[in-house]
Amino acid sequence: MKTGILLLLLATYIRVADGQTMPEKDTGQPTTTLSLQQCLDYAGTHHQELLAKAQTVAAAVQDRKAAMAKLLPDITVTAAVNNYWKIPVQIFPGELAGQPAGTFVPVRMGTPWMGNYGAEASLPLVDVKTWQQIKLARLQQQSGASEYRSLQRSLLKNVRMAYYSAQLQQDYLTVARQLYRNYQQIHDLIRLQFEKGLTDKIAFNQSATLLKNRLQAAQQADVSLREAYLDLKFWMGFPLDSQLATQATDPLPPLEISQYNSSQLPDYETEQLKVAVAAQQYQHTKATWYPSLHLKGSYQQLGFGDQLNFITRSPWFTVGYAGVELRFPLSWANFSAKPRSAKAQWQAASSRFKQYESEQEKKYRQEQMLLEKASADIQLQKENILLAQENETLSTQKINKGIIDMVQLKEIQQDLYDAQVKLNDARTDFYKHFTELNYLQHQ
């Protein structure tokens, strides 16, 4: 980007005499004056959406730790006391109790009171699904952190643009007030000519209307400035009912990018990780096809009795085991529908990533063209302002001579007003596209 474009803007940029923009309309509250960097720093620690995203990232860290914890032994400690108001019955062949063959004898198993306490443990020895889940959780954590950085960049871009907008609106307010004062002098000359009888009441009334229009434009500029401050405070997370003023910034550095680089896009890493997450979700789904091997063990103490006091008076019996368990999933959904769905989601994420790259490159090139147009508009409106100011001076000289052409005067004032408005719009567009280009290439 040619530095001449920036220098052209800077040559036309107006600053108030004390080096800082004026605060909002005074409400009796103390005013906080901040530099651009201070506004950016404030937004980084106070904007609620950014703080919420930081909590989401912290949650993703805990999810990854929870996934890794599945590699540790799963231990369950149990303790229970049960009263069987109906004791369970087991049926045995009658021959065991001297009964005829083919008969069955019901036998009550247990006592009215039974209890147990102990622990069970399971340790995965081979579990592909768990490892795939850990990889997925790690990618999701990286994706969350990337989204946080993307949101942070977007927020800082909005704060920067709102800051520039506030300063531009302050400059425009200064200009609008100066235009009002300038025409006030012209109106005083017309008043003088009217009092001398050199012009009529119609011309005087038309001039008074023009003066009111100038006052209205200055009042609207004041409202626009307060709106700009409100926008800035919103993006900063600054209390909306507090007073804020901004310090003048140093000139923006020229945007020097040799060529477009898609990897510098603000959301490039985030979009890339979405594809990686979708791919890992597919691998995680496929992992349900594989068997898992677990080491298992249990230790328990069992107690029985006719009364609740069996806990302390009856003997307790030890039961325990250790072994290896092989699990093999046979769900049709795991073998068919889920993997195919996950693979389709992966392919869709890849297509969206390619579309994202194309859209962002198109946006970058559009912003580049719009920046050049804004620069040309600034130069054009500067020239129009010079012509309109010259015409205003000439019309003032004619009024001093008693020559008053209200049609011409209206046109001159409208031309001057339109040129100032368009210049302000061109400056705003310049900063907008300049900031956007820097944002798109991580500047």
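The values are calculated or read from the model by the stated rules, or taken from the named source; none is laboratory data. Treat the numbers as computed from the prediction; the structure is a model and nothing was measured. Because the Cβ atoms are built from the backbone with ideal geometry, glycine has one as well, and the counts that use them run over all protein chains shown. Quick note on the areas: whole protein, heavy atoms, side chains included, nothing else; ligands and nucleic acids left out. Shrake-Rupley method; radii C 1.70, N 1.55, O 1.52, S 1.80 Å.
The list [x] 24.4; [y] 20.9; [z] 39.7 gives values of mean projected area of the Cα convex hull in nm², and only one came from this structure; which label was calculated from it? Label [z] holds the value from this structure. The magnitude of the dipole of the stretch 297-443, with charges of +1 and -1 set on the Cβ of Lys/Arg and Asp/Glu and taken from the Cα centre, is near 960 debye.
Please return the longest stretch of the chain lacking exposed loop sites, where trypsin sites (Lys or Arg not before Pro) count only if DSSP places them in a loop and at most 12 other Cβ atoms lie within 10 Å.
Working: sites that count: Lys2, Lys25, Lys86, Lys196, Lys401.
That gives 197-400 as the longest site-free run.
Each Lys and Arg adds +1 at its Cβ and each Asp and Glu adds -1 at its Cβ; summed about the Cα centre, the chain shows a dipole of about 1260 debye. Share of carbon and sulfur in the accessible area of the chain stands at 55%, probe radius 1.4 Å. Put simply, the stretch 292-373 fits an ellipsoid with semi-axes of 67, 21, 12 Å; these come from the alpha carbon gyration tensor as the roots of five times its eigenvalues, largest first. Out of Phe317, Phe104, Phe353, any idea which swings most in a Gaussian network model of the chain, alpha carbons joined below 10 Å? Of Phe317, Phe104, Phe353, the most mobile in the Gaussian network model is Phe104. When the charge dipole of the chain is built from unit charges on Cβ atoms (+1 for Lys and Arg, -1 for Asp and Glu) and taken about the Cα centre, the candidate among Leu211, Ala162, Ala348 whose Cα reaches farthest toward its positive end is Ala348. Classify the stretch 323-412 as rounded, prolate or oblate, taking a ≥ b ≥ c as the square roots of the eigenvalues of its Cα gyration tensor: rounded when a/c is under 1.5, otherwise prolate if a/b is larger than b/c and oblate if not. Prolate, since a/c reaches 1.5 and a/b exceeds b/c. Of Lys343/Lys432; Lys201/Lys382; Lys53/Lys432; Lys274/Lys338, which pairs sit farther than 29 Å apart, going by alpha carbon to alpha carbon? Over 29 Å apart, Cα to Cα: Lys343/Lys432; Lys201/Lys382. Near Glu367, once Lys and Arg are set to +1 and Asp and Glu to -1 for all other residues with Cβ below 13 Å from its Cβ, the sum equals +1.
Ranking Gln62, Tyr84, Phe434 by how far each Cα lies toward the positive end of the dipole of the chain (charges on Cβ) leaves Tyr84 at the top.
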